[in-house]
Amino acid sequence: MFPRAEEAAAQSADNLTGFFHPDGLRIACDTFTAVTSGGEAR
């Protein structure tokens, strides 16, 4: 189970770091826009 979850956990950690970045609002908006349009997040 852990090897399969590694990629998702890494993406989650990257997103959390991005949300607390000084430019976090733009990063979050870009991430959600990419995901909802079928693209890949940063």
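A short reminder: the numbers here are calculations on the coordinates, not readings from a lab. Here the structure is a predicted model, which means the values were calculated and not measured. Cβ placement follows ideal geometry from the backbone for every residue including glycine, while neighbour counts extend to all protein chains displayed.
How large is Rg/Rh for the chain, to two decimals, with Cα atoms and a Kirkwood Rh? Mind dumping the intermediate values first?
Values: Rg = 11.4 Å, Rh = 10.9 Å.
For the chain, the value is 1.04.
How many nm separate the modelled label positions at residue 16 and residue 1, each set 7 Å beyond the Cα in the direction of the Cβ?
Using points 7 Å along Cα→Cβ, the separation is 1.8 nm.
Relative to the first principal axis of the alpha-carbon coordinates of the chain, what is the inclination of helix 2-19, with its axis defined by its Cα atoms, in degrees from 0 to 90 and to the nearest 10?
20
How about the chain: which chymotrypsin sites (Phe, Trp or Tyr not before Pro) there are in a DSSP loop, with at most 14 other Cβ atoms within 10 Å of their Cβ?
Numbers: sites: 19, 20, 32; in loops: 20.
Answer in residue order: 20.
Could you tell me which GluC sites (Glu not before Pro) in the chain are loop residues by DSSP with no more than 12 other beta carbons within 10 angstrom of their beta carbon? Let's see the in-between values first.
Details: sites: 6, 7, 40; in loops: 40.
Passing sites in the chain are 40.
Please state the charge dipole magnitude for the chain, taken about the Cα centre, from unit charges on C-beta atoms (+1 on K and R, -1 on D and E), reported in debye and rounded to the nearest 20.
Numbers: 3 positive and 6 negative charges, 15 e Å.
The dipole magnitude comes to about 80 debye.
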